[in-house]
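**Student:** I'd like to ask some things about the structure below.
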Amino acid sequence: MKKTDIFLAILLSGLIILAGCSGKNNFRTPPEGIIPHKKMANLLADIHLAESALSQQQLTDKDFKYYTATYYSVVFKKHHTNRKQFEASMKYYSENQDEMGLIYDQVIVILSGTDANK
């Protein structure tokens, strides 16, 4: 084996090892049109809060659907997004479980910092 072949083999091995050792919070940049990780975590936290508030209400099925749509609209407006972009983002992150797990790690931190007495 030539010295250059050995050097290339070592270099390639090193790059593979470095790629496999990426840190826990290193997100890939999502494709265009997909909600970025941090924004997605904040959006999901607000959606979970809205759903929690809805679950505390005693609503008929018809009222529940109406208020769910209303709450979601308010959350989407707050985060400058819409249902279509949210659903596309959920589909993308659902197909990329490692990223979804990291996003939900952030959601838990956000919700844990929310004062339940407010």
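**Student:** Give me the extension gain from residue 69 to residue 95: residue separation times 0.36 nm, minus the current Cα-Cα distance, reported in nm with one decimal. Kindly include the intermediate steps, with their values, before the conclusion.
**Tutor:** On the way: separation 26, 0.36 × 26 = 9.36 nm, distance 2.52 nm.
Result: 6.8 nm gained on full extension.
**Student:** Continuing with this model, one more query. For region 34-80, what percent of Cα pairs sit more than 12 Å apart? Spell out each step's value before the answer.
**Tutor:** Details: 672 of 1081 pairs.
Counting every Cα pair in region 34-80, those more than 12 Å apart make up 62 percent.
**Student:** Extending each Cα 7 Å along its Cβ direction at residue 56 and residue 104, get the distance between those two points in nm, one decimal.
**Tutor:** 2.4 nm
**Student:** Take every Cα pair under 8 Å in region 40-118 that's 6+ residues apart, average their separations, divide by the length, and report that relative contact order as a whole percent.
**Tutor:** On the way: 30 pairs, mean separation 36.4, N = 79.
46 percent.
**Student:** Report, to two decimal places, the Cα Rg of region 66-110 normalised by 2.2 N^0.38 Å (N = number of residues).
**Tutor:** On the way: Rg = 12.1 Å, N = 45, 2.2 N^0.38 = 9.3 Å.
Taking the Cα Rg and dividing by 2.2 N^0.38 Å, one obtains 1.29.
Each value in this text was obtained by applying a stated rule to the coordinates, not by laboratory testing. None of the values given here were measured: they were computed from a predicted structure. Here the Cβ is made from the backbone with ideal geometry for all residues, glycine too, and neighbour counts use every protein chain on show.
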